[in-house]
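Please treat every number below as a calculation from the coordinates, not as lab data. All of these numbers come straight from a predicted model, not from anything done at the bench. Reconstructed Cβ throughout: ideal geometry from the backbone, glycine too, with neighbour counts over all protein chains shown.
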Amino acid sequence: MSGLASVDEVRADLSEVLRRFRAERLWAFSFGDGGPEAVMLSYDEFEDLGGEHKFAVGDEVVSPEELAGRLGGIVEAVRRGGGVPVVWGVDGEPEAVVMSTAQYRELRGDDQPPAGVVDDPTVRVYASEPLPGSRPLDLDEWAAGDPFTQELLAEIRAEESGSGDDR
């Protein structure tokens, strides 16, 4: 799916969405009619970002066939500013989630987009330049507050100094 898919295009291609999520080749993507309205993401991403703790999704896993029938209503609820994320997959196994763009932004912890910017959190670009007072991170400073990390760092350094003779 290149570009912004419509609700009908996503509805007609749910098996392909799952296939691509399973192959780990498909990132979260926005879709909608006339602009980004909803986001489809893998359940793994939803879980990794703490979705179960941020949203009440219940135990129901909707089948692709049921989602195809409900997708228009889900997006309609999103347009009205409502709706909850819907978990779906095959044989009751959670594989993907559909949610509003605002819910996806909340899931990721993103800021609101600036005024006049289309809210598509799947393609947001963030400034990554260093701040004026930034400096390179010193490894020893980074490890200073964690005894486990200090121990690992000492072991790595010991291995490096000991293995230099074997090369």
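Counting other Cβ atoms within 10 Å, which GluC sites (Glu not before Pro) in the stretch 36-87 have at most 13 and lie in a DSSP loop? Intermediate values should be presented prior to the final figure.
Working: sites: E37, E45, E47, E52, E60, E65, E66, E76; in loops: E37, E60.
Those that pass, being in a loop and sparsely packed, are E60.
On each of the three principal axes of the Cα atoms of the stretch 97-163, give max minus min coordinate, whole Å, ordered largest first.
57, 36, 23
Short version: ³J(HN,Hα) in whole Hz for each residue of the stretch 6-22, in order, from phi by Karplus 6.51 cos²θ - 1.76 cosθ + 1.60 (θ = phi - 60°), x for Gly and Pro, what are they?
For the stretch 6-22, the Karplus-derived couplings read 7, 4, 5, 5, 5, 4, 6, 10, 4, 5, 5, 4, 5, 4, 6, 5, 4 Hz, x marking Gly and Pro.
Taking springs between alpha-carbon atoms closer than 10 angstrom, which of L137, L71, L18 fluctuates most in the Gaussian network model of the chain?
L137
What are the trypsin sites (Lys or Arg not before Pro) within the stretch 69-146 that DSSP puts in a loop, where the Cβ has at most 11 other Cβ atoms within 10 Å?
Numbers: sites: R70, R79, R80, R105, R108, R124; in loops: R80, R124.
Here the sparse-neighbourhood loop sites are R80.
What does the charge count around M40 come to, taking other residues whose C-beta lies under 12 Å from its C-beta (Lys +1, Arg +1, Asp -1, Glu -1)? It would help to have the intermediate numbers written out before the result.
Working: positive: R11, R20; negative: E9, D13, E16, E37, E45, E95.
Local charge sum for M40: -4.
Could you derive backbone 3J(HN,Hα) for the stretch 67-78 from the dihedral phi with the Karplus parameters 6.51, -1.76 and 1.60 (θ = phi - 60°), listing whole Hz in sequence and x where the residue is Gly or Pro?
4, 4, x, 9, 4, x, x, 4, 5, 4, 5, 4
Mind grabbing the base-10 log of I(q)/I(0) for the stretch 1-52 at q = 0.15, 0.25, 0.26 Å⁻¹? Debye formula, identical points on the C-alpha positions, no solvent, two decimal places.
-0.41, -1.00, -1.05
Could you work out the Kirkwood radius for the chain, taking every pair of different alpha carbons, averaging 1/r and inverting it, reported in Å?
On the way: mean 1/r = 0.0532 Å⁻¹.
Computed over the chain, the radius equals 18.8 Å.
Compute, for the stretch 29-142, the length of the dipole vector about the Cα centre, with Cβ point charges of +1 (Lys, Arg) and -1 (Asp, Glu) only. Units Debye, rounded to 20. Display every interim value, and only then the final one.
On the way: 8 positive and 24 negative charges, 129 e Å.
Result for the stretch 29-142 is approximately 620 debye, rounded to the nearest 20.
With an 8 Å cut-off on Cα pairs and a minimum separation of 6 or more residues, tell me the relative contact order of the stretch 10-167 in percent.
Relative contact order, the stretch 10-167: 22 percent.
Let me have the 222 nm mean residue ellipticity of the chain computed from DSSP H runs of 4+ only, each contributing -39500 (n - 2.57), with the sum over all residues rounded to the nearest 500. Please report the intermediate quantities before stating the final value.
Details: 8 runs with 71 residues, N = 167.
That calculation yields -12000 deg cm²/dmol at 222 nm.
Report the net charge of residues surrounding V10, where surrounding means a beta-carbon distance below 13 angstrom and charges are Lys +1, Arg +1, Asp -1, Glu -1.
On the way: positive: R11, R20, R70; negative: D8, E9, D13, E16, D33, E37.
Its environment carries a net charge of -3.
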